[in-house]
């Protein structure tokens, strides 16, 4: 054992490393200098006082967010600090938190974190290298299956000494992997040595972050209290944040009840997701007097893709022509004007609201990328790229439905007694749309009617939040609405969403079940991008293929945060570009 350690240290010393830096930037120079005192978008002198109460729908049954069982309580992420953190106004850099600095070998196969000796858990025990090693290994062995996808290119992790952790990486040039490791939360080994990590129960966990669990009541609420001696309270990445003495989430059975509770000031702030309420619901004395403030705050974060997602595991959705026909039946313009007060834009990319979205025309850079693929794309992909042109009137919608009908005919789904049947098997073309919010039915009903005109029988199936989560995790659905989130540095989440390896991993983000070697290769090319320019071209190439596959029926997006809050809350003059920045806000009032 001693000899192995000596050999390891000799090999380590033979490598060339960058200096130990407090910041790691994927591309170019970081925004903040090593001597920075706080982020630009915070108020470093914000008072530490008061309580922020928010809402959540449904309930929770576990305080362990890291395992695939159970429904975690809201707010658990505030219990834990990570090795490094990304500011909300800079997409390309991470700054040290638990890790005081980071070193990277020239061949990018060895990553060293030097831990901050001041970092500690809430019980006063110092965070040590063995905690990082234990966390990493435990998440891979016992945690959510997504961790295996995210960290698949890590060959080994070792504690060199009390404050030094060494990650050995595989030969693949996964640029995002360093970010993924930097975002690793550090859990206390000494605490979990005496607890069952795999149990999704209500054991109150020990953390190291700005908040700790104060009290909770299942089906009702959970409250966190600010850690008074939080080790990183004056850290540059924490200064001016986490200003509330308490964070509380109150649970409601549905959003209609939650909205009425907000108007009665049972909670303080609401990010509004229902356009009808935003247009007509915020009225009355509290709004008129300024007690309730309505704001639209610019959001420059890529909005990803929200849509009706097909479950490719269902035989009826294997055929792209069928998926395309079903997509053509959705009349976004009617829904937007009649139900949404024309507040939304049509989703047309998996990177809406960003320059990563594929354009209408395939660029020469993209053509070069597609020519590298081992499995070539059909000619139709190049001559008929997916461009969403929504019908502007009923006549145009009729024409679009005729196109959809022709696609179904060509795919072997013919009309018999008013319904589509497979001309070979006689099977009916029927499927369920799974929802958990009753308010979403009004969106689906006109879509259901258009599909009925095509001879497709659609059933709307509403279930409770717990059943919904379990059915999505086990891929037990035909179609549902989901959001594939995006950011300006696409990386390891792509394996979770789209890779063949994740298609049959229960609980993964690949809820569509798509498994396509061309997507696998494009994802790897994105991972290996050396420059920002190279990354953007490869992401656009990926985006175009995702759209062409008709994995979802695209819905809509907003480029703003619609926020309503009671005037007991204040916020900085500057909002971060890529987040609402709620933890930079503060309260006018002390706790009552």
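Looking at the P(r) of the range 11-97, how many percent of alpha-carbon pairs lie beyond 21 Å? Tail fraction, whole percent: 58. Computed log10 I(q)/I(0) for the range 21-157 at 0.12, 0.15, 0.17, 0.18 Å⁻¹: -0.67, -1.05, -1.29, -1.38, from the Debye equation with unit scatterers placed on every C-alpha and solvent omitted. By definition, a body whose alpha carbon gyration tensor gives a ≥ b ≥ c is oblate when a/c is 1.5 or more and a/b is not larger than b/c, and the range 227-343 fits this oblate description. Ratio of Rg to Rh for the range 540-592: 1.24 [Cα atoms; Kirkwood radius as inverse mean 1/r over pairs]. Seen from a random direction on average, the alpha-carbon convex hull of the range 299-387 projects onto 7.9 square nanometres. The long axis of helix 129-142 is offset from the longest Cα principal axis of the chain by roughly 30 degrees.
With respect to the chain, whose longest principal axis is taken over its alpha-carbon atoms, helix 517-527 is tilted by about 40°. Per the Debye formula on identical point scatterers at the alpha carbon atoms of the range 121-223, with no solvent, log10 I(q)/I(0) at q = 0.15, 0.21 Å⁻¹ is -0.73, -1.22. Extending 7 Å from Cα along the Cβ direction at residue 517 and again at residue 264 yields two label points whose distance is 6.1 nm.
Along its principal axes, the range 77-177 has C-alpha extents of 39, 34, 27 angstrom, given from the largest down.
Counting only alpha carbon atoms, the long axis of helix 532-548 and the longest principal axis of the chain meet at about 30°. What is the Cα centroid distance between the range 518-577 and the range 97-113, reported in whole angstrom? Each part reduced to its Cα centre gives a spacing of 27 Å. Normalising the average separation of contacting C-alpha pairs (under 8 angstrom, six or more residues apart) by the number of residues puts the relative contact order of the chain at 22 percent. Modelled label positions at residue 588 and residue 45, each set 7 Å beyond Cα in the direction of Cβ, lie 2.0 nm from each other.
Estimated purely from DSSP H runs of n ≥ 4, each contributing -39500 (n - 2.57), the mean residue ellipticity at 222 nm for the chain is -7500 deg cm²/dmol once divided by its residues. Divided by 2.2 N^0.38 Å, where N counts the residues, the Cα radius of gyration of the chain comes to 1.02.
In what sequence, highest mean first, do 261-272, 491-502 appear when ranked by Cβ atoms within 10 angstrom?
Ranked by mean Cβ neighbours within 10 Å, highest first: 491-502, 261-272.
Taking all Cα-Cα distances within the range 481-569, those exceeding 19 Å account for 47%.
The slack in the chain from residue 137 to residue 383, taken as 0.36 nm per residue of separation less the alpha-carbon distance, amounts to 83.8 nm. Relative to one another, the C-alpha centroids of the range 253-268 and the range 410-460 are positioned 35 Å apart. Compared with the rule-of-thumb size 2.2 N^0.38 Å for a compact globular protein, the range 172-224 has a Cα radius of gyration ratio of 1.55.
For the range 305-557, the percent of C-alpha pairs falling in each 5 Å distance bin, counted from 0 to the bin holding the largest distance, reads 1, 6, 12, 17, 18, 18, 14, 9, 4, 1, 0, 0.
Net length available on complete extension from residue 273 to residue 107 is 55.2 nm, with 0.36 nm assigned per residue and the Cα-Cα distance removed. For residue 29 and residue 393, the FRET efficiency from 1/(1 + (r/R0)^6), where r spans their Cβ atoms and R0 equals 51 Å, is about 0.50. Per residue, the convex hull spanned by the Cα atoms of the range 373-505 amounts to 205 cubic angstrom.
If R₀ is 41 angstrom, what is the calculated FRET efficiency for the pair residue 214 and residue 440, using the beta carbon separation as r and rounding to 0.05? Rounded to the nearest 0.05, the efficiency is 0.75.
FYI, it's all coordinate maths here, none of it is from the lab. The structure displayed is predicted, hence computed values, not measured ones. Backbone-built Cβ (ideal geometry, glycine too); neighbour counts: all protein chains shown.
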